[in-house]
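The values are calculated or read from the model by the stated rules, or taken from the named source; none is laboratory data. As the structure is a prediction and not an experimental result, all values here were calculated from the model. Glycine also receives a Cβ, built like all others from the backbone with ideal geometry; neighbour counts cover every protein chain displayed.
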Ligand SMILES: [Zn+2]
C-alpha cells in the first residue's frame, strides 16, 4: 500500500518538477500559476494534467490545440515516480523520505543544467545546509551514514578542488571549464557522500562527461559539457550501488 503511495506521490512530484524545469530558468513563479499549454497558452484542465496518464490518454497531443506534448513531461514524471519507488524499496522509511527530497532537487539540477547550462545557487545551498544538518542531528537519515566532520571536510575538499581547477583553467587557458555552480554543487554532493564516495563521484562523473563529449561534442567549438548533470546522475547511482554492493 505504501508502495503505491510512494509511486503516485513521486509521479505528482515529477509533475511539479516539470513546472520548476519550465519556469525557474525563465524567472517565473512556480506555485500559484495554473499550467497552460506552451503552444496556445490555454489553461490546462486538471483532468488533462494527470501525470503520465493524461499523456497516454491524449496520445501525446494537447487537447486544446492538438499540438504535440513534449515527451519530457511524462519522462520526468515517470522518472521521479520510479526514483521514489526505488528509494522506498531499498531503504528504510525515514531514509527513503530523506533521499526522495534530495533526489528531487538533484533531478532538477540534472535536467536544468542539461537544458540550460545553469545551476541555481539556492539548490546547491539547500544540499549543503540540509546535508550538514542531517549529519549533526541524525546521520542515520542518510543511508551512507555520514557524520558531521566527514560531511564538512568532504564539502570543503570538493569546493577547494573544483575552485582550484576553475582558477587554473581560467588562468592558463582562459576558459571557464567549471562554473561557480559546479563548485558549489560538488560541495553539496560531497556533504551527502562523505570522503570515500566522493572519490567515486569524481571518477564516475568524469567518465560520463568524457563519454558525452565523445558522443556529441567532437569537432564542435565552444562545446560545453553539462557537468552538473553528470555529477547529479553519478550521485544518485552511488546511493543505489552502495546499497547493492
Ligand atoms: Zn494548446
Single condition residue 146 does not satisfy, out of (1) outside the structural domain of residue 192 (by TED's automatic domain parsing); (2) more than 16 Å from the ligand (Cβ to nearest atom); (3) not in a helix (DSSP H, G or I): (1)
Counting just the residues of segment 55-93 that are away from the ligand (no atom under 15 Å from the Cβ) and outside any helix (DSSP H, G or I), which one comes out surrounded by the fewest Cβ atoms within 10 Å (Cβ to Cβ)? 71
Here the residues within segment 23-48 that are surrounded by 15 or more Cβ atoms within 10 Å (Cβ to Cβ), within 16 Å of the ligand (Cβ to nearest atom) and in contact (Cβ under 8 Å) with a residue 24 or more places away in the chain are 37
Inspect segment 169-185 for any residue being part of a helix (DSSP H, G or I) and closer than 23 Å to residue 93 by Cβ and give the result as yes or no. no
